[in-house]
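What follows is a short report on a single structure.
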Amino acid sequence: MFGATLPGEKYFQRALDYYRKKFSNNVLFVAASDDMDFIHSKLKGEIDVFFAPGTSAAFDMALLSSCNHSIITMGSYGFWTGYLAGGEVVYPDVKLYSDYRFSRSMYERVRLDNFTPLPVD
């Protein structure tokens with residue numbers, strides 16, 4: 001509908017490396033998803049990534065919003081976990097054919113200066 005290329009492995013690797021560099025590899029990541037099999041298949045080799053239990057969306061929301069910084073994808077759930085966490089939020093800078101609520105144009109329009117775009121692939 002929006003003509004977007006969804007973030008893939010390169011985006012996730014770029015986002016992890018962004019924080020590793022920014023914090024001199026003194027980081028730990030918590031990964032959560034409604035598709036934990038997908039996340040495990042993409043991030044299982046990362047020694048600094050821990051996986052949320054995925055038993056409850058509410059628990060995962062509480063866990064992710066208590067983190068210092070966030071890596072999100074394109075939906076409302078990720079937006080809210082990043083927004084509530086309050087630190088820097090890295091998001092995929094996708095090119096869209098039409099306006100989308102959880103995209104660079106919206107984040108800039110409402111001046112979410114702690115939201116940092118990263119290329120998708």
Can you list residue pairs whose Cβ atoms sit under 7 Å apart, with the first residue in segment 22-38 being more than 24 Å from Glu88 (Cβ to Cβ) and the second being outside any loop (DSSP other than H, G, I, E, B) and open to solvent by 60 Å² or more (accessible area, probe 1.4 Å)? Count only pairs 6 or more apart in sequence or on different chains.
Met36/Phe51
Please work out which residue is nearest to Ala32 (Cα to Cα), limiting yourself to segment 64-78 and to residues that are modelled with pLDDT of 90 or more and open to solvent by less than 50 Å² (accessible area, probe 1.4 Å).
Leu64
Take Met36 and tell me if it is farther than 18 Å from Pro119 by Cβ and at pLDDT 85 or above.
yes
Please go through segment 20-59 and give me each residue that is open to solvent by less than 60 Å² (accessible area, probe 1.4 Å) and closer than 21 Å to Tyr77 by Cα, ordered by number.
Phe29, Val30, Ala31, Ala32, Ser33, Met36, Ile39, Leu43, Val49, Ala52, Gly54, Ser56
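The values are calculated or read from the model by the stated rules, or taken from the named source; none is laboratory data. As the structure is a computational prediction, the values presented were derived from the model and not from experiment. Positions of Cβ are generated from backbone atoms using ideal geometry, with glycine treated the same way; all protein chains shown enter the neighbour counts. We work out accessible area using only protein heavy atoms, side chains counted, and drop any ligands, DNA or RNA first. Shrake-Rupley method; radii C 1.70, N 1.55, O 1.52, S 1.80 Å.
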